[in-house]
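Asker: Right, I'll just put the structure down here and ask away after.
The values are calculated or read from the model by the stated rules, or taken from the named source; none is laboratory data. Just so it is clear, the structure is predicted and the values come from calculations on it, not from any experiment. When we count neighbours, we look across all protein chains shown, and the Cβ atoms used for this are built from the backbone with ideal geometry, even at glycine.
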Amino acid sequence: MGGDLIKAKLNLQSISFKLFLSTVTLIMIAITIISLSLYKQYSKSLIEQSSEKAQQILELSAMNIESYIDDLYRLSLSPYYDHNVIDALDKSIDDSDLISLYRTRTIEDFLDQILITPRQDILRVFILTDEIYKGERMPSTIDSSQIYQDYDWYKKAMATEEPLLVSAHLEQIIKNPKNIVFSIVRVIRSTRNTDRILGVIKVDANYSSIKSLCDQPDFGDEGGLFIMDSDNQLIHSNIIGFDGDAYNTIYQTIQDGTINPTGTIINDKQYLINYVTIKDTNWTMVGITSYNTINHGILIVRRSANFIALMCFLVSLLIIILYLYRFLHPLNSIISTIKKIQGGHLDVVFNTSSKDELAYLSYALNDMITELKNMFSQNNQLVHQIYEAKYLQKEAQISSLFSQIQPHFIYNTLNMISILIQTEQFDEAVSNINKLSIMLRGLSHIEKDITIQTEIELLDAYLSIQKSRYVDRLDYKIDIDHKLYNFLIPALSLQPIAENSVIHGCETKKTITTISITSIKSENHILIIIKDNGIGMTPETLTTLQDKLKNGAEINNELNTSEKSSGIALLNVHRRIQIKYGERYGIKVNSTLDVGTTVELYLPMQIG
């Protein structure tokens, strides 16, 4: 009997030991495989991320340089905007001494005026005819011994109609040059006869501006970037330790399309190479990232991974010992049930026949599952509402920004103001500038509730600008009860609706479009009515839009492009109001094809 008991104990110890040993071995193998796999995946991911980041940095830097050079290109076109300068350059008009003096003053005053700008990097602007005219920031003297017609850039400029970018060089045409500059050169042609060349404009910009743009990105201690032109001439470099052969080798590899995406060996070191072509130039910007910089982060991660793996292993050993010798058998059922919960199944129940702490644990876990079900249900509903509210609010903000600051709207408004100024309608020009300012300033309230008075001011500013643009094709009337001015309304609730009326009125029909905005106050709510005599909607489109408003669904391909944009604007305003105030408020739409559309906006009476 005693021998059997000892044998049973030995068997139990043997089973425990085997289970312990096999479990520990499996854990060690799993941790090792996971650590190595994660390390390799992280290394690969880090290299890819480093390459993507370097490419993004290069593209951003290239965009900055492109924008900078585009500004200089536009500056070289400035003589065409001043008819007096073109007339002064056209010597066939008059060549008397008095006119010659007037011509010189006109041209040099114009060049000096160009330099009255915050762009301190523009050092000089020359206009070269048979005489040399210049505007400059620092006084200098023309070097009459230089024959500018012999410069290559002058010959190339005279042979083409496109602007010419001249790479870095020491200042020319003046005595005692001090600065390294790069230049934009363009021929100036007569506006009366485009085949006739009046002269050449040359804009000299400080090369340090390009250098500062190139030195901003950080590619690590052993990396950097450089720029080369199509003639294999190095424009700029901030890489330490590279010689001309290294630059030429990299540039030739780029031209041949044989760059290795996983790295290139240069001077016995491995580098990631990224490049981008700068628009409208013959420049290629190349970014160099050293693997040593990337590996530094990988080594830190590897040490951390090894430490975490070791700690996980030790903790696992402790847990295994506790489970094997104390809790393994009693907790099997609980562990099995917990695994189901971890898989997302909350419809399980803990069952136990014991009356000790395990029974209490089972009852507590059952209560916890019930509470989790209730909490998840409430949280899902709350998260859905919060997400939808924030999504619609952000979408409305983006939609408003696009509708009011999109380039063609700003361009059309500023172009209209320019025309008003040119036609000496200064009062109306100032009025439109003030209204545009009101609209832009109103965007600061995009996430707030504002008074109806402020909303009306924003709406009036928008419609007034559009009225100035379309002249006799748009008329509007805002007749809102002044007693409602202090009530609150979500910002930019009326403007998208009125914008739909403008888009589907002035932009689609030649007759006058009339928009009226009126209000009705009842005991329980405020009704604002926006009515127009635009093209209206077909019965099918109206029914589809009304269903969307009723069901709160997103717009889909049942509407065409213009109708879809209108529907999205109305749906966003409708859902924002319903989420904020409840389903009894929102938008109702009625429309008749070729007659017009009426939008009714129901709001609670909320005093600001």
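Asker: If I ask for residues that are in contact with a helix residue (DSSP H, G or I) (Cβ under 8 Å, 6 or more places away or on another chain) and at pLDDT 85 or above, which ones from the stretch 167-178 would you list?
Answerer: Once the filter is applied, which keeps residues that are in contact with a helix residue (DSSP H, G or I) (Cβ under 8 Å, 6 or more places away or on another chain) and at pLDDT 85 or above, the stretch 167-178 yields GLN172, ILE173.
Asker: Output the number of residues of the stretch 569-596 satisfying the condition of being at negative phi, surrounded by 15 or more Cβ atoms within 10 Å (Cβ to Cβ) and within 35 Å of the chain's Cα centre (by Cα).
Answerer: Residues flagged as at negative phi, surrounded by 15 or more Cβ atoms within 10 Å (Cβ to Cβ) and within 35 Å of the chain's Cα centre (by Cα) within the stretch 569-596 amount to 17.
Table: residues versus (1) buried (at least 17 other Cβ atoms within 10 Å of the Cβ); (2) assigned to a helix (DSSP H, G or I).
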{"site": "GLU424", "(1), (2)": "no, no"}
{"site": "ASP427", "(1), (2)": "no, yes"}
{"site": "SER437", "(1), (2)": "no, yes"}
{"site": "LEU440", "(1), (2)": "no, yes"}
{"site": "GLU455", "(1), (2)": "yes, yes"}
{"site": "GLN466", "(1), (2)": "yes, yes"}
{"site": "LEU488", "(1), (2)": "yes, no"}
{"site": "ILE497", "(1), (2)": "yes, yes"}
{"site": "CYS506", "(1), (2)": "yes, no"}
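Asker: Scanning for something free of Cβ contacts under 8 Å to residues at least 24 places away in the same chain and either in contact with a Gly (Cβ under 8 Å, 6 or more places away or on another chain) or closer than 30 Å to ASN590 by Cβ (or both), does the stretch 498-514 turn up at least one residue? Walk me through how you get there before you give the answer.
Answerer: Applying the first criterion (free of Cβ contacts under 8 Å to residues at least 24 places away in the same chain) to the stretch 498-514 yields 507.
With either in contact with a Gly (Cβ under 8 Å, 6 or more places away or on another chain) or closer than 30 Å to ASN590 by Cβ (or both) added as a condition, the list becomes 507.
For the stretch 498-514, residues free of Cβ contacts under 8 Å to residues at least 24 places away in the same chain and either in contact with a Gly (Cβ under 8 Å, 6 or more places away or on another chain) or closer than 30 Å to ASN590 by Cβ (or both): present.
Asker: Which of the residues that make up the stretch 218-250 are surrounded by 20 or more Cβ atoms within 10 Å (Cβ to Cβ) and out of contact with any Phe, Trp or Tyr (no Cβ under 9 Å at 6 or more places or on another chain)?
Answerer: Matches in the stretch 218-250: PHE219 only.
Asker: Give the number of residues within the stretch 159-173 that are surrounded by fewer than 19 Cβ atoms within 10 Å (Cβ to Cβ) and of a type in the set (A, V, I, L, M).
Answerer: So the count comes out to 3.
Asker: Tell me the residue from ILE127, ILE184 that is within 22 Å of ASP280 (Cα to Cα) and touching a helix residue (DSSP H, G or I) at 6+ places or on another chain (Cβ under 7 Å), please. Working first, answer last.
Answerer: Numbers: ILE127 fails: within 22 Å of ASP280 (Cα to Cα).
Testing whether each residue is within 22 Å of ASP280 (Cα to Cα) and touching a helix residue (DSSP H, G or I) at 6+ places or on another chain (Cβ under 7 Å) leaves just ILE184.
Asker: Here's another thing I want to ask about it. Among (1) surrounded by fewer than 18 Cβ atoms within 10 Å (Cβ to Cβ); (2) free of Cβ contacts under 8 Å to residues at least 24 places away in the same chain, there is one condition PRO539 misses while meeting the rest; what is its number?
Answerer: (2)
Asker: I'm checking my understanding of the structure. Among residues of the stretch 199-219 that are touching a strand residue (DSSP E or B) at 6+ places or on another chain (Cβ under 8 Å) and charged (D, E, K, R), which one is farthest from ASN64 (Cα to Cα)?
Answerer: Looking at residues that are touching a strand residue (DSSP E or B) at 6+ places or on another chain (Cβ under 8 Å) and charged (D, E, K, R), I get LYS202.
Asker: Scan the stretch 251-269 for residues that are assigned to a helix (DSSP H, G or I) and either in contact (Cβ under 8 Å) with a residue 60 or more places away in the chain or in contact with a Phe, Trp or Tyr (Cβ under 8 Å, 6 or more places away or on another chain) (or both) and report the count. Spell out the reasoning first.
Answerer: Filtering the stretch 251-269 down to residues assigned to a helix (DSSP H, G or I) leaves 251-256.
Now narrow it down to the ones that are either in contact (Cβ under 8 Å) with a residue 60 or more places away in the chain or in contact with a Phe, Trp or Tyr (Cβ under 8 Å, 6 or more places away or on another chain) (or both): 254.
Matching residues across the stretch 251-269 total 1.
Asker: Out of SER208, SER212, report the one residue that is in contact (Cβ under 8 Å) with a residue 60 or more places away in the chain, over 20 Å from ILE107 (Cβ atoms) and either surrounded by fewer than 16 Cβ atoms within 10 Å (Cβ to Cβ) or in contact with a Pro (Cβ under 8 Å, 6 or more places away or on another chain) (or both).
Answerer: SER208
Asker: Filter the stretch 464-477 down to the residues that are under 17 Å from PRO496 (Cα atoms) and touching a helix residue (DSSP H, G or I) at 6+ places or on another chain (Cβ under 6 Å) and list them by number.
Answerer: Those that are under 17 Å from PRO496 (Cα atoms) and touching a helix residue (DSSP H, G or I) at 6+ places or on another chain (Cβ under 6 Å): SER464, ILE465, GLN466, LEU474, TYR476.
Asker: Further, regarding this structure: SER516 - would you say it is at pLDDT 85 or above, in a loop (DSSP other than H, G, I, E, B) and small (Gly, Ala, Ser)?
Answerer: No; evaluated as a whole, the condition is false for this residue.
Asker: Taking interchain pairs and intrachain pairs at least six residues apart, which have beta carbon atoms under 8 angstrom, with the first residue in the stretch 131-154 and without any contact (Cβ under 8 Å) to a residue 40 or more places away in the chain and over 21 Å from LEU165 (Cβ atoms) and the second of a type in the set (S, T, N, Q) and not in a loop (DSSP other than H, G, I, E, B)?
Answerer: Hits for this filter: GLU131/THR104; TYR133/THR104.
Asker: Which condition from (1) within 28 Å of GLN233 (Cα to Cα); (2) without any contact (Cβ under 8 Å) to a residue 60 or more places away in the chain; (3) crowded, with 18+ Cβ neighbours inside 10 Å; (4) not hydroxyl-bearing (Ser, Thr, Tyr) is the one that ARG124 breaks?
Answerer: Of (1) within 28 Å of GLN233 (Cα to Cα); (2) without any contact (Cβ under 8 Å) to a residue 60 or more places away in the chain; (3) crowded, with 18+ Cβ neighbours inside 10 Å; (4) not hydroxyl-bearing (Ser, Thr, Tyr), only one is false for ARG124: (2).
Asker: Could you say which residue among ILE201, ILE184, ILE132 is surrounded by 15 or more Cβ atoms within 10 Å (Cβ to Cβ), touching a Lys or Arg at 6+ places or on another chain (Cβ under 7 Å) and modelled with pLDDT of 85 or more?
Answerer: ILE201
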